[in-house]
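> Submitted below is the structure of interest, expressed as structure tokens.
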Amino acid sequence: MRVAFQGEKGAYSEEALLKYLGPEVEPVGFPTLDDVVAAVIADNVDAGLMPAENSVAGTVGRTYELLIEYSLSIRADLVHPIRHNLLALPGVRLSDLRRVYSHPQALEQCRRFLTAHRLEPVPQLDTAGSARLVAEQELRDTAAIASKRAASLYQLQILAYDIQDLAGNATRFFLVGKEPQPASNGPAKVSLAFSVPDVPGALYRALGVFAKRSLNLSKVESRPDRQRHWKYLFYLDYLAPDPKSVQEVLEELSSQTEFLRVLGVYTTWQASDGGE
């Protein structure tokens, strides 16, 4: 099974793929999320893995925009612990460093450490690519924030472990494809996107569809509708005890909304924080 991800070998996305799908999966790296989606649409890969939200930094807006734009379907979601480490060339000391390369979100999530050590954050496209740059260019005054796997792949030493500001940092990923997976038996997570008429009480009535059925909402967020100025889409996740009940919910919700799209009916995976 070939699965596209954003980044290079050693990226957290690749780490998550290998952990959840096992060694038989073939991760295929691409520079951007748009490239990941293009590979899925062109059938160059079987699926794509896209970051949906981080427990510290919040929603990855581009992922949701691409889900809407290309009508992709979420097949599963998985929550992967993110353990940031400071990587440098062998023999380099922390006192030798002047700057740190990494993805902007990784830099933001390690702000306290960087400030405490007076290190200049320098944004790059991804974490693993930052580690590769430090290794290939033999930068002795520059480190990278990346995973343990990246340190091993690019033969860098780890100067500091777990440098993220907040413990429990984790990223939720979507495994996406062109077609939805058949609904499995048992509880499922349902992700929806919808808009409501611009009239008083419209959102209240839409959410009432879930309240009267005692359905647990695990996410409700509004984001600008890129197709209509000053209009908003609501992104909602809820837990369906029985996937067979989803159609009944959708039928009633459609009567309260202007636009409604099912992003996925899927299983969710949760890993223990094994210190990766």
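> Around Glu120, under 13 Å between beta carbons, what's the net of Lys plus Arg minus Asp minus Glu among the other residues? Kindly include the intermediate steps, with their values, before the conclusion.
Values: positive: Arg98, Arg99, Arg111, Arg118; negative: Asp141.
Neighbourhood net charge equals +3.
> Still on this structure: Excluding Ala52 itself, calculate the net charge of residues whose Cβ lies under 15 Å from the Cβ of Ala52, where each Lys or Arg counts +1 and each Asp or Glu counts -1. Before the final figure, lay out the partial values.
Numbers: positive: Arg62, Arg75, Arg172, Lys189, Lys219, Arg223; negative: Glu53, Glu65, Asp77, Glu221, Asp237.
Summing Lys and Arg as +1 and Asp and Glu as -1 gives +1.
> Nearest 20 debye, what's the magnitude of the dipole of the range 188-270 about its Cα centre given +1 on Lys and Arg Cβ and -1 on Asp and Glu Cβ?
On the way: 11 positive and 9 negative charges, 36 e Å.
So the dipole magnitude of the range 188-270 works out to roughly 180 debye.
> Please say if the chain is rounded, prolate or oblate, where rounded means a/c under 1.5 for a ≥ b ≥ c the square roots of the C-alpha gyration tensor eigenvalues, and otherwise the choice is prolate for a/b larger than b/c and oblate otherwise?
Working: a/c = 2.30, a/b = 1.92, b/c = 1.20.
Taking the square roots of the gyration eigenvalues as a ≥ b ≥ c, the chain is prolate.
> Tell me, what ³J(HN,Hα) does each residue in the range 15-27 have, in order and in whole Hz, if you take phi through Karplus 6.51 cos²θ - 1.76 cosθ + 1.60 with θ = phi - 60° and put x for Gly and Pro?
Once rounded to whole Hz, the list reads 4, 5, 4, 5, 5, 8, 9, x, x, 6, 6, 10, x.
> Each residue of the range 244-254 in turn: what ³J(HN,Hα) in whole Hz from Karplus with 6.51, -1.76, 1.60 and θ = phi - 60°, glycine and Pro shown as x?
Here the 3J(HN,Hα) series is 5, 7, 4, 4, 4, 4, 5, 4, 6, 5, 4 Hz.
> Within the chain, what's the longest stretch lacking chymotrypsin sites (Phe, Trp or Tyr not before Pro) that sit in DSSP loops with no more than 16 other Cβ atoms inside 10 Å?
Values: sites that count: Tyr161, Trp230.
In the chain, the maximal stretch lacking such sites is 1-160.
> Determine ³J(HN,Hα), in whole Hz, for all residues of the range 149-162 in sequence, where each value follows from phi through the Karplus function 6.51 cos²θ - 1.76 cosθ + 1.60 and θ = phi - 60°; x replaces Gly and Pro.
4, 5, 4, 5, 5, 9, 6, 10, 8, 9, 7, 8, 9, 6
> Provide, for the chain, the number of lysine pairs with alpha carbons under 19 Å apart, each pair being eight or more places apart or on different chains.
Details: Lys9/Lys19; Lys9/Lys148; Lys19/Lys148; Lys178/Lys189; Lys189/Lys212; Lys189/Lys219; Lys189/Lys244; Lys212/Lys244.
Eligible lysine pairs with Cα atoms under 19 Å apart amount to 8.
> Along the positive direction of the dipole of the chain (beta-carbon charges: Lys, Arg +1; Asp, Glu -1; about the Cα centre), which of Leu17, Val246, Ala52 reaches farthest?
The listed residue farthest towards the positive side: Ala52.
> I would also like to ask the following. Within the range 1-94, which trypsin sites (Lys or Arg not before Pro) sit in a loop by DSSP and count at most 12 neighbouring Cβ atoms inside 10 Å?
Working: sites: Arg2, Lys9, Lys19, Arg62, Arg75, Arg83, Arg93; in loops: Lys9, Arg83, Arg93.
Passing both the DSSP loop test and the Cβ count: Arg93.
> Where Rh denotes the Kirkwood radius from the mean inverse Cα pair distance, what is Rg over Rh for the range 1-131?
On the way: Rg = 16.1 Å, Rh = 16.0 Å.
Reported Rg/Rh, Kirkwood definition of Rh: 1.01.
> Mind checking the range 97-126 for trypsin sites (Lys or Arg not before Pro) that DSSP puts in a loop (not H, G, I, E or B) and that have at most 15 other Cβ atoms within 10 Å?
Details: sites: Arg98, Arg99, Arg111, Arg112, Arg118; in loops: Arg98, Arg118.
Here the sparse-neighbourhood loop sites are Arg98, Arg118.
> So for Ile163, Ile68, Ile82, Ile145, fewest C-beta neighbours within 10 Å to most, what's the order? Can you show the working numbers first?
Working: Ile163 21, Ile68 18, Ile82 24, Ile145 28.
Sorted ascending by nearby Cβ count, the order is Ile68, Ile163, Ile82, Ile145.
> As a test of the formula, what do you get for the chain when each DSSP H run with n ≥ 4 contributes -39,500 (n - 2.57) and the sum is divided by the residue count, at 222 nm and rounded to the nearest 500 deg cm²/dmol? Could you put the intermediate results ahead of the total?
Details: 9 runs with 76 residues, N = 276.
After summing the helix terms and dividing by residue count, I get -7500 deg cm²/dmol.
> What number comes out for the charge environment of Ala135, summing +1 per Lys or Arg and -1 per Asp or Glu over other residues with Cβ under 13 Å away?
Every neighbour counted, the sum reads 0.
> Just the number, please: percent antiparallel of the DSSP beta bridges in the range 97-250, rounded to the nearest 5.
Values: 14 of 21 bridges.
Beta bridges within the range 97-250, antiparallel portion: roughly 65 percent.
> Using a 10 Å cut-off around each Cβ, can you sort Glu108, Glu24, Glu120 from fewest to most neighbouring Cβ atoms? Spell out each step's value before the answer.
Values: Glu108 17, Glu24 7, Glu120 12.
Fewest-to-most ranking of Glu108, Glu24, Glu120: Glu24, Glu120, Glu108.
> List the residues whose amide H sits under 5 Å from the amide H of Ala170, counting only those 5 or more places along or on another chain, with H placed 1.01 Å from N in the peptide plane.
Ser55, Val56, Ile82
> By count of other Cβ within 10 Å, fewest leading, how are His117, His80, His229 ordered?
Details: His117 16, His80 23, His229 7.
Ranked by crowding around the Cβ, least crowded first: His229, His117, His80.
> Right, something else. Compute the distance from the alpha-carbon center of the range 1-77 to that of the range 199-276, in whole Å.
Rounded to whole Å, the Cα centres lie 22 Å apart.
> Is the range 85-160 rounded, prolate or oblate when judged by the Cα gyration tensor, a ≥ b ≥ c being the square roots of its eigenvalues, rounded requiring a/c under 1.5 and prolate requiring a/b larger than b/c?
Details: a/c = 1.55, a/b = 1.15, b/c = 1.34.
Oblate, because a/c is 1.5 or more while a/b does not exceed b/c.
Laboratory data are not the source of any read-out in this text; all were calculated from the coordinates shown. Nothing here was measured: the structure is a model prediction, and the numbers come from that model. FYI the Cβ positions are ideal-geometry reconstructions off the backbone, even for glycines, and counts take in every protein chain you see.
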